[in-house]
1. Name every residue in segment A:46-96 that is among the aliphatic types (A, V, I, L, M), outside any loop (DSSP other than H, G, I, E, B) and more than 14 Å from chain B (Cβ to nearest Cβ), in order of residue number.
2. Within segment B:1-60, restricting attention to residues that are in contact with a Leu (Cβ under 8 Å, 6 or more places away or on another chain), touching a residue at least 40 places away in the same chain (Cβ under 8 Å) and part of a loop (DSSP other than H, G, I, E, B), which residue is surrounded by the most Cβ atoms within 10 Å (Cβ to Cβ)?
3. Which of (1) at negative phi; (2) not hydrophobic (A, V, I, L, M, F, W, C); (3) not in a helix (DSSP H, G or I) does B:Asn69 not meet, given it meets every other one?
4. Of everything in segment A:128-180, what is within 14 Å of chain B (Cβ to nearest Cβ), in a loop (DSSP other than H, G, I, E, B) and of a type in the set (Ser, Thr, Tyr)? Give them in sequence order.
5. Among the residues of segment B:82-129, write down those that are over 18 Å from the mean Cα position of the chain (by Cα) and of a type in the set (D, E, K, R).
6. Kindly provide the set of residues from segment A:6-49 that are touching a residue at least 40 places away in the same chain (Cβ under 8 Å) and among the small types (Gly, Ala, Ser), ordered by number.
7. State yes or no: is B:Glu48 within 12 Å of the chain's Cα centre (by Cα) and acidic (Asp, Glu)?
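The values are calculated or read from the model by the stated rules, or taken from the named source; none is laboratory data. Everything numeric here is computed off the predicted structure, so don't read it as measured data. Cβ atoms come from the backbone with ideal geometry, glycine included; neighbour counts cover every protein chain shown.
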Amino acid sequence: MTTDTKTPRYYPAEDIKRPRKKHVLVKQNPTKIRSSITPGTVVIILAGRFRGKRVVCLKSLDSGLLLVSGPYKINGVPLRRVNQVYVIATSTKVDVSGVDVKSFDDAYFARSKDEKKGEEEEFFADDTPKPAVVSDQRKKDQKVVDDALLKTISAVDMLEGYLAASFTLNSKDKPHLMKF
Amino acid sequence: MTFTRFMQVGRIVLINYGPEEGKLATVVDIVDQNKCLIDGPADITGVERQVISYTRIALTDFLIKIDKNAKSKDVEKVWEEEDISGKWEATSWAKKLASRKRRVSLSDFDRFKVMVAKKQKAAIIAKKMAA
């Protein structure tokens, strides 16, 4: 009498699909924001649509992104999220204690789900770029935040002009030797 | 064209290299053709008494009357009497060093203000030239 200890005598005809062990990624630690970036820091955006713009950092969101506002009236940057990696923090600080940013979180900036089109529809659609539609709620929130910001900005001499100007490098600038 | 600044006891020197870079010191004794003994005095300039190579220092125009190997306290006394610190700050050499230091430490906002000031100055000059 033979004992089956190692190899089974019967195999199934087809291979059984076994689900792979799910690798669980646990998000435990919040993103570490650079110590030079605090609420109220003027920050230079280095990439994206608003590259070169000097902008006020309002707070850091749970996703690790920074909430930032031009103010819109000064340089055209609205309430927006920006990654700290694409940013230079300057030593200039603006007082943002009077600005209420509690209502802004990542859900506020999430894209709406009802913009999916069928593949065919998209193929036959126009190639003309559709103008961006800014919701009234965003405009309202922008105005509230900016009014509070503009008050403290206009109190500092030349700060408005500074935020309106773009950051550029000239041929004699050495960024590794520059203090921001 | 003769030489006017000599390496001698009492010569005030500016340290150009090393941990004491940018500070003034007094030559207190000559060791040999390559190095000398300097002293701050430590209480005024922060430079301790030490031997330093000539390659690390630059001679200034100032000279004080001290004995060879004078004590730090005696050097200090003469330094205070002559007000070397004040005289040094008034020289264009010291002013240039200070402005260079200031330029490097400017923040982004400061650089913007400098740019605006330069433009305003140029506008005033252009106006005067046109008139």
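1. A:Leu58, A:Leu66, A:Leu67, A:Val68, A:Val82, A:Val85
2. The extreme case among them is B:Gly10.
3. (1)
4. A:Thr168
5. Passing the criteria: B:Asp108, B:Asp110, B:Arg111, B:Lys113, B:Lys118, B:Lys119, B:Lys121, B:Lys127, B:Lys128.
6. A:Ser36, A:Gly40, listed by residue number.
7. no
Conditions (1) out of contact with any strand residue (DSSP E or B) (no Cβ under 9 Å at 6 or more places or on another chain); (2) modelled with pLDDT under 95; (3) within 14 Å of chain A (Cβ to nearest Cβ), marked per residue:
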position	(1), (2), (3)
B:Lys95	yes, no, no
B:Ser99	yes, no, no
B:Val104	yes, yes, yes
B:Lys118	yes, no, yes
